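The values are calculated or read from the model by the stated rules, or taken from the named source; none is laboratory data. This is a predicted model, so every value here is computed, not measured. Note that we place each Cβ from the backbone using ideal geometry, even for glycine, and neighbour counts take in every protein chain shown.
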Amino acid sequence: MLAAGDRLVARLGLTSARWTILGAIVQADRPQPVAWLARDLGAHRQNVQRIINELHKEGLVAFEANPHHRRAQLVVLTDKGKRAFEAAMDSQAPWINRLSDGLSEKEMQTVQRVITALRKKLEGNDLNERAV
């Protein structure tokens, strides 16, 4: 899925990871610092910071002063970032429709339940600690 997402948004200068982070910024109720975005994504802050820095260099995000924390700046989308995210989402709609073509509503609901169950397990347990 990640490789397919990368192919889908490559023409926009994005990757699945960049697209995901832009989406997290869009979904947030208000501008957030990198650490909060990382938490919401279930990702390591350092990885999110690296991608945010790349997005900043390309003018897709900007930093604003955080009134609650001097060093933890808030991340916001620029107009260019908004356009890139919207273009990615516009590309995604027909792609996901083709991907799901021929699947029944019941099959799609099953997929959603399985993914939700796996996500809950992954968020609740560090399965790597149990690996032998």
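Summary of values
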| read-out | value |
| --- | --- |
| Hits in the range 29-76 (condition: within 20 Å of Glu123 (Cα to Cα), of a type in the set (Gly, Ala, Ser) and crowded, with 16+ Cβ neighbours inside 10 Å) | Ala38, Ala43 |
| Residue list for the range 47-77, filter: free of Cβ contacts under 8 Å to residues at least 12 places away in the same chain and in contact with a strand residue (DSSP E or B) (Cβ under 8 Å, 6 or more places away or on another chain) | His56, Ala65 |
| Failed item, numbered, when Glu123 is tested on (1) surrounded by fewer than 10 Cβ atoms within 10 Å (Cβ to Cβ); (2) more than 22 Å from Ala4 (Cβ to Cβ); (3) without any contact (Cβ under 8 Å) to a residue 24 or more places away in the chain; (4) not polar (S, T, N, Q) | (3) |
| Any hit, the range 9-20, residues being modelled with pLDDT of 95 or more and touching a strand residue (DSSP E or B) at 6+ places or on another chain (Cβ under 8 Å) | no |
| Selection from the range 40-76 of residues that are more than 16 Å from Ala17 (Cβ to Cβ) and either within 13 Å of the chain's Cα centre (by Cα) or not in a strand (DSSP E or B) (or both) | Gly59, Ala65, Asn66, Pro67, His68, His69, Arg70, Arg71, Ala72, Gln73 |
| Matching residues in the range 6-28 - criterion: being surrounded by fewer than 20 Cβ atoms within 10 Å (Cβ to Cβ), out of contact with any Asp or Glu (no Cβ under 9 Å at 6 or more places or on another chain) and in contact (Cβ under 8 Å) with a residue 60 or more places away in the chain | Leu8, Leu12, Gly23 |
| Test for Ala3: is it among the small types (Gly, Ala, Ser), under 20 Å from Glu58 (Cα atoms), at pLDDT below 95 and surrounded by fewer than 15 Cβ atoms within 10 Å (Cβ to Cβ) | no |
| Filtered residues of the range 77-92 (kept if more than 16 Å from the chain's Cα centre (by Cα) and part of a helix (DSSP H, G or I)) | Asp79, Lys80 |
| Qualifying residue in the range 102-120 (condition: in contact with a helix residue (DSSP H, G or I) (Cβ under 6 Å, 6 or more places away or on another chain), on the phi < 0 side of the Ramachandran plot and either surrounded by 11 or more Cβ atoms within 10 Å (Cβ to Cβ) or small (Gly, Ala, Ser) (or both)) | no |
| Positions within the range 1-41 being closer than 20 Å to Arg119 by Cα and touching a Lys or Arg at 6+ places or on another chain (Cβ under 9 Å), in sequence order | Leu37, Ala38, Arg39 |
